[in-house]
Amino acid sequence: MKNLRLTLAIIAGKVLIYMSRLLGHQGTSLPGQIARKIYPRILRTLSANIRREIVAITGTNGKTTTSNMLAEILQQQGYSLVHNRLGANMLSGITTAFIEKSDIYGSRKFDYALLEIDEATVPLLLRETRPRLVLITNFFRDQLDRYGEMDHTIKLIQEAVKDQEIEMLLNADDPLTANFQAETGLKCWYYGFDDSSYDNCRVMDSREVRYCAFCGHQLEYEKYHYAQLGQYSCPQCHSRNPERDFTGHELEMSPDIELKVDGMALKSPCQGFHNAYNILAAVSLARLLGVEDENTKKAIASFKPQAGRMEVFFINGKRVVLVLVKNPAALNQTLASLIYDPGRKNLFFALNDNAADGRDISWIWDADVELLEYENVMIEQIVCSGQRSGDIALRFKYAGFPRERIKIETELPRAIELAVQGSVESSNILCSYTALFTCQRILMEMGKRSEAGEEKEKAYQPQS
Amino acid sequence: MAHFHLVQLYPNLMNLYGDRGNLLCLQKRLEWYGHDSSIENINPGDSLDFEHIDLLFMGGGSEREQELVLQDLASKRDSLMKAVEEGLPVLCICGAYQLLGEYYRSHEGKEMQGLGLFSFFTQGLKERLTGNILIHTTLNGVEESVVGFENHGGRTYFIDKRLQPFGSVIKGFGNNGEDKKEGIRYKNLLGSYLHGPLLPKNPQVADFFIKAMAERKGFRIERILDDSLENYAHEQVKRKLMG
Ligand SMILES: [Zn+2]
């Protein structure tokens, strides 16, 4: 045995992974954390077993979905890979992913590693691993960052990647990544969207101002695709979107996504412009890695949105959609998607304010809730739940939704029951992070019960 | 039906933590009281005509943005103070509140002049005062509780001890976490660290401004609104804080 300490760390990690699975824990950072204590060089050592490339995926929104899509694509192509697919995106979670796949000697080889990484942790990751490609999906400020912490994070990332053998894949529609080439001297590839029928030329009150990455002047937008992603230019230094290497075009959302990427037609069961960006990013990356188009298409067509990132249930003949909503951009996107969904519907929002949700819930006032024309989108009632049910109820009241159709029910099971009742055709279940898994469990149980009920009904149906 | 003209100062620069919810709230309540209103956005370089303003609102911003605002606001300082003396309703949240004082000293020791409308200063520290907050205040002769969320690195201290705070802190930090004072109150001006935003969950504070605005136009507001949701949200935060 060459390295006893390494083997010990891997075994300890594997035992802990097994135990936490038994306990039903989703979180996977602890095994990595303990293994790193036993053998601090574990991530360096294991990540050296990657034969082809290590790909790091970071950004504020979409990194989990994008990296999961890419994992599907690479597996379709027949590659073996290490991937922290549960979204534990700090060093400990990444270490766990390597331990899980490794043999006890730490010598098993893999083609690729796909590492989803928290933005602020990128510099630390680069100290221990050597990614050849780094994808940044976008930078959005959320409610936790209003004091320039993001500018700081961007600088740290730029300093960390500089002078390394790295190529970057960046979002051309996000002005905050426009200066990466200039700042780092690296090869930067850009992806972005052509004009689409979902673009918006309006400046909404709540849209945060974006400043030029080169000179700091306030940017002017010709159009917005999604949130602050769009076509912009700087009136002072005349910089504009970087030229695209990969272009998304002919986007259709009805509501499932169809689009072309440089002529290649793709279909996906995912919905929403944010997912169109995730697809575009994953497909661009697949092209850079040389994946065959057929495999990319197949993988995108079969990729299902996972827990909370829009999951669909069928309960009492109604389509029930569960969505995680954690910032104004996500709430805007979810509300906008209601416009494309004809038919009468209920809305449900469970808002908690635990640490994982963000203690400060004032961001709900930064979303464009009043832009929804409630009569046209045919919302029958809005059920408000969670620890801050009052705040979310007020948000809809002051957005102009009739008071008498706003219901408050703090208990989640009863609240969801209310939201899937009545003659509506669909229900949209929105929730903040710590309410997500409870809501998901409740909906799964209701879905099963409803299915069993239907089976029974069918059995009793007289033959005709 | 009367028309109310609300002004938001520097919405592109000073607008944090859902601050615009305060104006949305005032607009809706005015509508429910049977009146009409408009919101004018004032950006750097725009002129400000205090003759035709019923209420002035400014929200929070980072240090960089506060400096830009101060450059513009300096020329409007005297007319602003005159309007405040005449009873103009003004609501300043967080960074905007800090600007009303004499100076702000950052945690690195950099000093930034304020408008100097009131004799207080703010000392910035790295460690932020963050969390839900409950204060007590007296509005139109009635003792009221006010809830919100605070998140500020600055500690504000009154130099002139005659200054009146907006309220006294029951749970949370307030101006500095030491003297139990929160915000400032002078005639119809309120400065406060409370966002949340402040007005929707505290309808009595919203109505304090609405009544003051109406009074300046020479009439009283008699209608009573259904505030059951507002009170529910208010109590929910209060219960959370009081355990
Ligand atoms: Zn510029």
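Things worth noting here:
- Checked against a 29 Å cut-off, the cross-linked pairs A:Lys397/B:Lys161; A:Lys101/A:Lys304; A:Lys260/A:Lys397; B:Lys76/B:Lys238; A:Lys155/A:Lys298 give Cα-Cα distances beyond that limit for A:Lys397/B:Lys161; A:Lys260/A:Lys397; B:Lys76/B:Lys238; A:Lys155/A:Lys298.
- Of the complete DSSP H runs in chain A, those spanning 24 angstrom or more by Cα along the long axis with a mean Kyte-Doolittle score not below 0.5 are A:4-22.
- Close amide H pairs (under 5 Å, H built 1.01 Å from N) link A:Ile408 with A:Cys384, residues at least 5 positions away or on another chain.
- Solvent-accessible area buried by B and A, counting both chains, probe 1.4 angstrom, square angstrom: 3000 Å²
- In region A:302-343, chymotrypsin sites (Phe, Trp or Tyr not before Pro) in a DSSP loop with at most 16 other beta-carbon atoms within 10 Å: A:Tyr340
- Ellipticity at 222 nm from helices only: DSSP H runs of n ≥ 4 in the protein assembly as shown, each -39500 (n - 2.57), divided by the residue count, give -10500 deg cm²/dmol.
- Share, in percent, of DSSP beta bridges within chain A that are antiparallel, nearest 5: 35 percent
- Cα gyration tensor shape of region A:67-137, rounded if a/c is under 1.5, else prolate or oblate by comparing a/b with b/c: oblate
- Under 5 Å between amide hydrogens, built in the peptide plane, is the criterion, and for B:Phe4 it picks out B:Asp36, B:Ser37, B:Ser38 among residues at least 5 positions away or on other chains.
- For region B:3-242, the square roots a ≥ b ≥ c of the C-alpha gyration tensor eigenvalues yield an a/c of 1.5 or more together with a/b not exceeding b/c, which makes the shape oblate.
- Furthest towards positive pole of dipole, A:Ile157, A:Pro175, B:Leu26, structure part the protein assembly as shown, Cβ charges: A:Ile157
- Set of aspartates and glutamates near A:Lys318 by C-alpha distance (under 17 Å), chain-local residues within fewer than 8 positions excluded: A:Asp341, A:Glu380, A:Glu417, A:Glu425, A:Glu445, A:Glu451, A:Glu454, A:Glu455, A:Glu457
- Region A:171-301, accessible area per residue, ligands and nucleic acids excluded (1.4 Å, Å²): 40 Å²
- Qualifying GluC sites (Glu not before Pro) in region A:77-173, DSSP loop, other Cβ atoms within 10 Å at most 13: A:Glu165
- Anisotropy class of the protein assembly as shown from Cα gyration tensor, a/c 1.5 cut: prolate
- Cysteines of chain A lacking any other cysteine Cβ under 4.7 Å from their own Cβ: A:Cys188, A:Cys201, A:Cys270, A:Cys384, A:Cys431, A:Cys439.
- Among the chymotrypsin sites (Phe, Trp or Tyr not before Pro) in region B:183-243, those located in a DSSP loop and surrounded by at most 12 other Cβ atoms within 10 Å of their own Cβ are B:Phe219.
- Split the accessible area of chain A by element, probe 1.4 Å, and carbon with sulfur accounts for 50%.
The values are calculated or read from the model by the stated rules, or taken from the named source; none is laboratory data. As the structure is a computational prediction, the values presented were derived from the model and not from experiment. Cβ coordinates were reconstructed from backbone atoms using ideal geometry, including for glycine residues, and neighbour counts include every protein chain displayed. Heavy atoms of the whole protein, side chains included, go into the accessibility calculation; ligands, DNA and RNA do not. Shrake-Rupley method; radii C 1.70, N 1.55, O 1.52, S 1.80 Å.
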